[in-house]
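Engineer: Sharing a structure with you now.
Only the coordinates and a few stated rules stand behind these numbers; no lab work does. For clarity, every value in this text was computed on a predicted model and none was experimentally measured. Here the Cβ positions follow ideal geometry from the backbone for every residue, glycine too, while neighbour counts run over all protein chains shown.
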């Protein structure tokens, strides 16, 4: 892992606003049967340079004694996050490689308005054996919370990891499945999703029921979850040892809004509420940049492996190129792996998973 850079002061809530990397109410069929993997590459054909991200005065770190705006990536970083009370529930599956449990944990954060506490549901796969085991916390893509069910969206990834010796914790996020509801999560740019992922790592490490190797933990997010992971890394440097965003949304929130929300009639009420409270990207560009991960990539200390399909028509490949280049420019140890596949990863799933696990192991996870 490369050396830690000095941290910028301050911060608050972040979270991915765009309707995740999905054009419908559900993720693409991420749990469909997997076909044989296709050839993969480590680089893509020459492309135009990534769009510039000029700094804005409002992106600067707050002055000494000045709090960061609460609804911002730096605001999320300014909070104190505490995850605990990981509880094992019903057994979902018990096979030769691992046992899968319904779980809950407590996600607590200190905000400018006082402490917050949410019970978050999820699914946990624990390998057979004594451990301690390396662990991966999974951040799923966008699925309409009204239809989402516990553990949905990354079932394949969870099982693949556990069958290869990893504890795999799938986070449902607040307002999903059996998790507690945050009535303001939309107006707060879904900042709580990243807080819940940060606290999932801490709850795993603090558990006496799950044998986790504390210094061998990684984050793994797909689609919207890729954006959730990038913001978690920027908000809490040093939280984990590595991270892998798959088919990620843009690291600029204005692009996610334009792609997923602006013209979607199903989002009209949310768009109107955001416009009234904060202004749309063209009205309040500084606010939307403050809630993007890209301006704060210089805070990230963990190696990052980005995985993207050349045929992704939900989260454009250009987004992956721009995010990867911005990570490199900020000094992050970042790699971008390309596959001949679409957003949900079907034919190349096994190859991409093997590459991801090899990356985790190379970082000691």
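Engineer: Relative to the compact-globule scaling 2.2 N^0.38 Å, provide the ratio for the alpha-carbon radius of gyration of region 103-228.
Structural biologist: Details: Rg = 14.1 Å, N = 126, 2.2 N^0.38 = 13.8 Å.
Working it through for region 103-228, the quotient is 1.02.
Engineer: Using mean Cβ contacts within 10 Å as the protection proxy, how do 79-86, 221-228 order, highest first? Don't skip to the answer; put the middle values down first.
Structural biologist: Working: 79-86: 18.5, 221-228: 32.9.
The peptides rank, most packed first, as 221-228, 79-86.
Engineer: Quick one: 278, 288, fewest Cβ neighbours within 10 Å first, how do they rank?
Structural biologist: Working: 278 16, 288 23.
Listed from fewest to most nearby Cβ atoms, that is 278, 288.
Engineer: I would also like to ask the following. Using a Debye calculation, one point per C-alpha and no hydration shell, please list log10 I(q)/I(0) for region 40-362 at q = 0.07, 0.12 Å⁻¹ in order.
Structural biologist: Reported log10 I(q)/I(0), two decimals: -0.25, -0.79.
Engineer: I've got another one for you. Sort out for me the Cα centre separation of region 287-365 from region 225-251, rounded to whole Å.
Structural biologist: The distance from the Cα centre of region 287-365 to that of region 225-251 comes to 9 Å.
Engineer: Rank the residues 128, 231 as a footprinting-exposure proxy: fewest other Cβ atoms within 10 Å of their Cβ go first. Don't skip to the answer; put the middle values down first.
Structural biologist: Values: 128 14, 231 33.
Fewest-to-most Cβ neighbours within 10 Å comes out as 128, 231.
Engineer: OK, next. Stretched out fully, how many nm does the piece from residue 286 to residue 99 gain, at 0.36 nm a residue minus the Cα gap? Write out the running numbers ahead of the final one.
Structural biologist: Working: separation 187, 0.36 × 187 = 67.32 nm, distance 4.62 nm.
Extra length from residue 286 to residue 99 when fully extended: 62.7 nm.
Engineer: May I pose another question? Explain nothing, just the number: relative contact order of region 66-144, from Cα pairs under 8 Å at least 6 residues apart, as a whole percent. Spell out each step's value before the answer.
Structural biologist: On the way: 111 pairs, mean separation 18.1, N = 79.
Dividing the mean separation by the residue count of region 66-144 yields 23 percent.
Engineer: Arrange 142, 160 by Cβ neighbour counts within 10 Å, fewest through most, would you? The partial results should precede the final answer.
Structural biologist: Values: 142 27, 160 20.
Taking fewest neighbouring Cβ atoms as first place, the list is 160, 142.
Engineer: How would you order 242-252, 264-274 from highest to lowest mean count of nearby Cβ atoms within 10 Å? It would help to have the intermediate numbers written out before the result.
Structural biologist: On the way: 242-252: 29.2, 264-274: 13.4.
In descending order of packing, they fall as 242-252, 264-274.
Engineer: A follow-up question, please. Using the C-alpha gyration tensor of region 245-347, what are the square roots of 5 times its eigenvalues, in whole angstrom, with the largest one first? Please report the intermediate quantities before stating the final value.
Structural biologist: On the way: eigenvalues 138, 76, 14 Å².
Whole-Å semi-axes of the equivalent ellipsoid: 26, 19, 8.
Engineer: Now for a different question. Note the full-extension length gain between residue 110 and residue 333 as 0.36 nm times their separation in residues minus their Cα-Cα distance, in nm to one decimal. Numbers along the way, then the final one.
Structural biologist: On the way: separation 223, 0.36 × 223 = 80.28 nm, distance 3.04 nm.
Full-extension gain reported as 77.2 nm.
Engineer: Compute the distance in nm between two label points, each set 7 Å from the Cα along the Cα-to-Cβ direction, one at residue 268 and one at residue 147.
Structural biologist: 2.0 nm
Engineer: Looking at region 92-141, what % of the alpha carbon pairs are farther apart than 17 Å?
Structural biologist: Numbers: 648 of 1225 pairs.
Cα-Cα pairs in region 92-141 separated by more than 17 Å: 53 percent.
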